[in-house]
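Working notes for the structure below.
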Amino acid sequence: MTDRTVAIPALGVALVVLASAVLLPALAAGVPANQVPVSHQPDAGEELSTPGGAAWSDVDSREIPLTSAPSGLPGANIVATEAVTVKTAHSDSQLYVWMQWDDETSNASEASLDAFTDGAAIQVPANVTTSPSVQLGSQDTPVNLWYWSAADGAEEALAGGYNPGSITEMENTTIETTARHQDGTWTVVVERPLETEDDVRADFDLETDVDIAFAVWDGANAERSGHHSYSEWYTIPLGPEDTGPTAQYLLWAVAGVGIVIALLIAAGAWRKQ
């Protein structure tokens with residue numbers, strides 16, 4: 001037997017080991033890294049509306065890394081919040097987003113020029129079938145911004161990019177927020193109807209996966225306006241289970257295993273020649 005006939009099966013074994021290390025964990029987990037778990041809780045509306053509601057204990061979470069947002073403000077690259085933990089749930093009519101992050105101090109007043117308030121925001125496409133830029137969308141693909149401020153509560157806005165005047169505050173906000181600061185941690189719940197009657201507000205029809213991004217302001221770090229931490233796009237898998245990103249991920253994993261098996265068969269046939 002030559003070195004060459006030994007090398008081919010050895011390569012096949014190495015490929016099997018590689019596939020097992022990379023693809024089998026993906027099959028077991030079945031959840032892409034950019035996905036925020038969502039839970040259908042049809043009868044838990046009141047419990048989901050509060051940060052400490054018992055229903056949240058049954059909802060899986062995702063820790064989402066944050067980085068400094070692009071900004072021309074001095075020191076804007078220095079942010080205090082490195083991650084936010086997120087849970088999402090929905091009843092038959094409402095969407096709930098639970099956010100939690102570390103913040104040693106509660107800053108809820110802007111009474112002086114050097115005082116800034118803690119805050120958080122959620123960004124979703126105004127049209128959930130589009131894929132806007134995570135940097136506040138564009139004129140062609142605007143985004144909805146759901147704000148919570150420790151000083152002022154809930155606010156909604158429509159954004160169409162970083163051009164001056166591209167952020168417009170919406171009247172008659174459709175979101176509700178509830179917040180709690182305890183043991184050096186903020187926990188905020190944002191609640192909104194799945195559907196609205198406004199063309200510039202996102203509608204969630206439970207048939208389409210939805211992009212979502214997050215931002216946090218730490219008032220003690222003088223964060224305000226464009227000086228804040230933010231995330232890339234993540235996905236709430238509201239669409240049908242068999243057509244979402246998870247199913248596509250599993251199909252690629254199965255295809256990879258098939259390629260490895262084909263290589264092993266070819267290697268065995270070559271060795272017999």
Expressed in nm to one decimal, what extension gain is obtained for the pair R62 and V200 from 0.36 nm per residue of sequence separation less their Cα-Cα distance?
46.9 nm
If the chain between S225 and S71 were fully stretched, how many nm would it gain, using 0.36 nm times the residue separation less the Cα-Cα distance?
54.5 nm
Check: C-alpha center the range 187-228 vs C-alpha center the range 106-148, spacing in Å is 7 Å
Using all alpha carbons of the range 133-237, what is the percent of pairwise distances in each 10 Å bin, ordered from the shortest bin to the longest?
12, 43, 37, 8, 0
D183 to A111: FRET efficiency via 1/(1 + (r/R0)^6), r the Cβ-Cβ distance, R0 22 Å, to the nearest 0.05?
0.30
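Bear in mind that the values in this text are calculations on the coordinates, not laboratory data. Computed from a predicted structure; not experimentally measured. Heads up, the Cβs are rebuilt from the backbone with ideal geometry, glycines too, and the neighbour counts pull from every protein chain shown.
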